[in-house]
Amino acid sequence: MGKTALITGINGQDGSYLAELLIEKGYTVWGILKRNSVAENQTYRIDHLRNNPMLKLEYADLLDMASLVRVLQLSKPAEVYNLAAQSHVRISFDQPVYTAQSTAIGTLNLLEAVRLICPEARVYQASSSEMFGNNIDADGYQRETTPMNPVSPYGCAKVFSYNICRNYRNSYKLFISNGILFNHESPRRGSNFVTNKVAKETAKIKLGLSEKLVLGNTEATRDWGHAKDYVEAMWMILQHDKADDFVCSTGVSHSVQYLVDYCFEKVGLDPKKYVSTAARYLRPEELRDLKGDCTKMKETLGWKPKYTFETMMDEMVQYWLDFYSK
Ligand code: NAP
Ligand code: GDD
């Protein structure tokens, strides 16, 4: 019989790809949904899996520990992937308290529930390169040993979760691992994150459905990989013989301006005619540059990404061209 996994955040970008991967591997996959007033759109990323008997969905919320206890008792998972969070950095400045509750205390609620109900389960925590803030090692990279210096409420909340996971691992000898993942994208990315915003608006402008793209800081650089490659990394981290922390990245970094130029060139348009900037998309404190060194992940676990920045952005722009051409 296959293993059982529980995914929090199953209807998010990463949760949907991870659910597909684990079902392919023969897992029974349980996922939690938090209650929304509109049910229709909430599960669009996993609707293609809804009739699969290997997928089981339950209502629960990271803020409601009793609901987590209930789902852990029902599902008895061997592996728990904690992907749920308020994950938007800019919005974390508008909703810092909710971000701390869901992205920090939510993790603690889950760890306590695991400790009480299924302490033998292996736990993956979705940690983030946002935790490093503007700290960069002398060679230009961030890695597991780079000091953390978060510059957003979201980053602060993720640092709490990272540390409480290490604390529970050491205090209670639980198998809890942090994946410190750099930005990863896909056509399933929320379209208020910059890659999918640019891909979607490029397609709309090309098809005559829009005339402008308004952005924030176009000088920032990010290390962008594909979410499909990164959920494979999550699974590998939990198959390792001991709990540990791993950076996952491509090691290649581009500016937001380069991202814009690449997408517009792909559809044969001049970005200068359509792109402008506005203060409303800036953050009170900016994280300028991210570039990850994932040597530990590659050498210990043998992880290797299949996508490049270019093949990923090609897929995303094409997705929106097809979407708006239907
Ligand atoms: P996402 O698309 O924003 O998905 C977040 C998920 O969390 C959604 O399913 C959301 O449900 C759920 N959620 C939010 N608050 C919740 C709560 N209180 N209780 C239960 N579920 C809740 O994020 P993602 O891009 O897939 O990222 C997955 C995780 O990795 C997040 O923790 C993110 O912070 C972290 N991470 C992401 C990246 C990246 O570049 N994508 C990099 C590093 C780390 P609703 O949609 O119903 O609200
Ligand atoms: N969202 C957005 N919208 N970002 C913009 C825009 C815009 O209009 N214009 C410029 N940017 C810049 C942001 O200032 C940032 O420097 C960069 O584009 C990337 O922004 P996002 O795509 O929103 O991602 P992020 O880097 O802030 O956060 C993502 O990656 C983290 C890992 O480093 C999120 O997925 C986090 O959850 C994740 O932890």
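The values are calculated or read from the model by the stated rules, or taken from the named source; none is laboratory data. Since we're looking at a predicted model, the values are computed, not measured. For neighbour counting, all protein chains shown are included, and Cβ atoms are generated from backbone atoms with ideal geometry for every residue, glycine included. Heavy atoms of the whole protein, side chains included, go into the accessibility calculation; ligands, DNA and RNA do not. Shrake-Rupley method; radii C 1.70, N 1.55, O 1.52, S 1.80 Å.
Tell me yes or no: at least one residue of the range 45-59 is in contact with an Asp or Glu (Cβ under 8 Å, 6 or more places away or on another chain), assigned by TED's automatic domain parsing to the domain that holds Phe160 and part of a helix (DSSP H, G or I).
There is at least one residue in the range 45-59 that is in contact with an Asp or Glu (Cβ under 8 Å, 6 or more places away or on another chain), assigned by TED's automatic domain parsing to the domain that holds Phe160 and part of a helix (DSSP H, G or I).
Just the residues that are open to solvent by less than 50 Å² (accessible area, probe 1.4 Å), under 29 Å from Lys212 (Cβ atoms) and more than 16 Å from ligand 1 (Cβ to nearest atom), please, taken from the range 230-261.
Ser255, Val260
Could you run through the range 263-293 and say how many residues are open to solvent by 30 Å² or more (accessible area, probe 1.4 Å) and under 23 Å from the mean Cα position of the chain (by Cα)?
10
Just to check your reading of the model, which residue among Ile117, Ile164 is away from ligand 2 (no atom under 16 Å from the Cβ), crowded, with 16+ Cβ neighbours inside 10 Å and either under 18 Å from the mean Cα position of the chain (by Cα) or under 25 Å from Glu285 (Cβ atoms) (or both)?
Ile164
Suppose we filter Val97, Val89 for residues that are buried (at least 18 other Cβ atoms within 10 Å of the Cβ) and not small (Gly, Ala, Ser); which single one remains?
Result of the check over Val97, Val89: Val89.
Restricting attention to the range 280-326, which residues are touching a Gly at 6+ places or on another chain (Cβ under 9 Å), of a type in the set (Phe, Trp, Tyr) and part of a loop (DSSP other than H, G, I, E, B)?
Once the filter is applied, which keeps residues that are touching a Gly at 6+ places or on another chain (Cβ under 9 Å), of a type in the set (Phe, Trp, Tyr) and part of a loop (DSSP other than H, G, I, E, B), the range 280-326 yields only Tyr307.
Across the range 294-326, which residue is most open to solvent (accessible area, probe 1.4 Å) among those that are closer than 23 Å to Arg188 by Cβ and among the basic types (Lys, Arg)?
That would be Lys326.
Report, ordered by the first and then the second residue, all pairs with beta carbons closer than 7 Å, sequence separation of six or more or different chains, a first member in the range 262-282 that is farther than 20 Å from Asn192 by Cβ and among the β-branched types (Val, Ile, Thr), and a second member that is assigned to a helix (DSSP H, G or I) and open to solvent by 60 Å² or more (accessible area, probe 1.4 Å).
Listed by first residue and then by second, the contacts come to Val267/Lys206.
Looking at this structure, is Leu6 open to solvent by less than 20 Å² (accessible area, probe 1.4 Å), in contact with a Pro (Cβ under 8 Å, 6 or more places away or on another chain) and modelled with pLDDT of 95 or more?
yes
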